[in-house]
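Asks: A single structure is presented below for examination.
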Amino acid sequence: MSHTFRVDLRGIIDLLSHHLYSSPRVYVRELLQNAVDAITARRELDPSCPAGITITCGPALTITDTGVGLTEDEVHELLSTLGRTSKRDDLGFAREGFLGQFGVGMLSCFLVASSVTVITRSARGGPAVRWEADSSGNYTVSEMDTADGVPVGTTVKLTASRGNEHWLEADVVRPLVSDYGDLLPAVVTLDGAQVTRGERPWDDEDADLSEYCEQVLGFRPFEAIPIEVEAAGLTGVAFVLPSGVHPGTRQTHRVYLKRMLVGDNVEGLLPDWAYFVRCVVDASAIRPTASRESLYQDEMLLAVREELGEQIRDWLIRLDAIEPRRAGELLAAHHLGIKSLARSDDEMLRLVERWLPFETTEGAIPLRQFKRKHGAILYIPDVDEFHQLAPVAAAQGLGLVNAGYAYDMELLNRLSALDGPAVARRVAPSELLAALADPEPGIETALRLRLSEGAAALDRHDCDAVIRDFDPVSLPALLITNAEQQRKLDTEQTAEEVTDPLWAELLGQLTAGSGTSRPEQLVLNCRNPLVQRLARLRDPALVELTLESLYVHAVLQARRAMRPKDTAALNRSFLELLDRAVGGK
């Protein structure tokens with residue numbers, strides 16, 4: 001024996017209000033949607049029919065349209081059957097050209113209303129029909145006397161439920177109608193005043209799109225780019241933000257579907273790299289979700305996203321060719337997004353190479369300008385390491401680029417792949433050490449003697465000392481780290497701490513054959529007066545204290561994370577030097 005599901009309307013309304021729709025405000029959209037669909041259907045029968053929607057507010061809200069109207073059979077099928085969309089097609093409400101899809105729109109009225117009354121008369125003939133329903137799921141349908149003079153079209157009347165009276169007041173309804181229905185191809189009036197413009201601003205060649213952007217999105221754009229995707233019936237404008245935003249900022253857009261607003265915080269319309277662009281678009285072939293407040297992630301949306309990304313990219317290339325100075329301004333404001341695109345796009349890579357400033361020993365300059373002076377791009381992949389080595393490299397006439405920021409390494413590797421490996425390469429700190437001059441024999445001999453006397457100071461930090469002669473004179477010592485040796489040292493320390501024999505054996509195999517060189521080198525600058533005085537010291541304890549102080553200073557200069565023993569050395573050396581300064585020793 002078969003049975004038919006029973007539906008609890010109150011439960012369905014609760015589902016809609018708490019899980020499908022984000023706010024009761026959507027009831028305005030659904031009423032406008034039904035009215036526009038009805039007008040569209042009537043114009044298929046009579047293209048000259050009026051396209052008007054009239055709303056009045058008071059104790060109750062009424063909305064009247066000049067649409068096709070409904071017969072009694074259609075009232076039963078369309079207003080009293082939940083979720084049935086196929087029947088709409090049978091009755092002439094095919095989805096192509098119509099806004100509604102899911103058959104639950106009228107239920108949204110019960111988010112704010114205790115009862116709904118519909119009076120409708122069909123353009124196809126027949127008497128006027130009254131449909132009355134309450135939020136408990138009860139409804140009545142009755143024919144009306146044609147003598148009542150009901151015109152073709154539909155009037156919907158909402159009586160507010162307790163606590164929701166404000167949702168039917170003019171001050172609340174007016175901005176909702178303007179927001180949802182601003183571009184609808186029908187004249188919408190509320191209490192006698194027109195509240196929608198009826199035209200898409202980007203269709204008017206004389207429209208001030210920057211002013212429109214400021215009105216709807218809240219900023220004056222750097223540029224307004226016309227966009228179109230024919231396959232999706234999409235037209236609109238992409239507005240470039242005038243200043244930089246964080247790449248993690250939510251990328252949202254104002255999206256209309258067949259001129260009805262889907263939402264002004266819709267995500268997923270553009271590629272992730274275009275986070276500095278906000279769009280206002282109207283489309284006909286993009287699918288909304290059931291709530292009609294976001295977009296359905298399908299192949300069409302993926303195609304739209306790719307096509308719009310290409311159009312924004314092409315605009316960037318044209319801007320570089322026609323207005324190079326503005327292109328530079330744009331890169332300065334939105335460098336991360338454009339760098340992200342340049343990782344896979346050769347033309348964008350060339351734009352970045354020409355205009356985007358990189359941090360270098362010559363200051364902030366584009367890579368192409370750096371190449372003209374130095375011939376090749378020698379880069380350091382770590383920001384702190386660059387800041388430590390840059391003054392020394394600049395004093396020796398060596399040009400370095402800081403490649404420690406987002407995407408820099410990938411872009412330099414792509415330049416090497418396109419233009420040859422000699423164009424850009426990573427510089428190891430040891431190469432810089434090799435470029436420094438050897439000291440004079442006399443001071444080198446004296447310093448080596450002092451180093452042997454104070455060897456314990458550097459032994460505590462697994463550091464070797466190297467003597468060189470370099471600028472700037474103000475820098476007494478430079479700390480150079482061998483990353484590979486540091487990793488091996490960390491592995492050895494871990495092996496000593498673990499208790500699992502198998503794991504300890506594995507770590508021992510990883511460190512086998514690691515050699516005797518230490519992970520750090522303290523490069524002493526013989527030109528510095530402090531280092532020169534160190535060479536003349538005769539007190540071994542003071543030599544050891546000075547060497548440890550120079551080491552800690554070099555660690556701070558390198559911006560390297562302080563280990564516990566480094567912090568202890570900093571405190572110890574400072575207090576001992578202070579004690580000597582005040583006459584303690």
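Asks: Which residues, taken from the range 106-120, are in a strand (DSSP E or B), in contact with an Asp or Glu (Cβ under 7 Å, 6 or more places away or on another chain) and closer than 12 Å to Val156 by Cβ?
Replies: Ser115, Thr117
Asks: Which condition number does Gly404 fail, the rest of (1) surrounded by fewer than 16 Cβ atoms within 10 Å (Cβ to Cβ); (2) closer than 20 Å to Arg343 by Cβ being met?
Replies: The failed condition is (1).
Asks: Kindly list the number of the only condition in (1) in contact with a Ser or Thr (Cβ under 8 Å, 6 or more places away or on another chain); (2) within 25 Å of Ser23 (Cβ to Cβ) that fails for Val187.
Replies: (2) is the only condition that Val187 fails.
Asks: A follow-up question, please. Residues of the range 563-585 being touching a residue at least 40 places away in the same chain (Cβ under 8 Å) and among the hydrophobic types (A, V, I, L, M, F, W, C), which ones?
Replies: Ala569 - this is the single residue of the range 563-585 that is touching a residue at least 40 places away in the same chain (Cβ under 8 Å) and among the hydrophobic types (A, V, I, L, M, F, W, C).
Asks: Shifting gears a bit: Name the one entry in Ala568, Ala541 that is part of a helix (DSSP H, G or I), under 47 Å from the mean Cα position of the chain (by Cα) and small (Gly, Ala, Ser).
Replies: Ala568
Asks: May I pose another question? Looking only at the range 422-433, decide whether some residue is surrounded by 18 or more Cβ atoms within 10 Å (Cβ to Cβ) and outside any helix (DSSP H, G or I).
Replies: Looking through the range 422-433, at least one residue is surrounded by 18 or more Cβ atoms within 10 Å (Cβ to Cβ) and outside any helix (DSSP H, G or I).
Asks: Any residue at all in the range 378-390 that is surrounded by 21 or more Cβ atoms within 10 Å (Cβ to Cβ), touching a Lys or Arg at 6+ places or on another chain (Cβ under 7 Å), of a type outside the set (S, T, N, Q) and under 27 Å from Arg278 (Cα atoms)?
Replies: no
Asks: I would also like to ask the following. What about Ala207, is it without any contact (Cβ under 8 Å) to a residue 24 or more places away in the chain, part of a strand (DSSP E or B) and of a type in the set (Gly, Ala, Ser)?
Replies: The answer is no for Ala207.
Asks: In addition: Which of the following residues is more than 26 Å from Gly263 (Cα to Cα) and in contact with a Pro (Cβ under 9 Å, 6 or more places away or on another chain): Thr140, Thr154, Thr159?
Replies: Thr159
Throughout, read-outs are computed from the coordinates displayed, never taken from laboratory work. Just so you know, these numbers come straight off a predicted model, no measurement behind them. Using ideal geometry, Cβ is built from the backbone for each residue, glycine included, and neighbour counts are taken over all protein chains shown.
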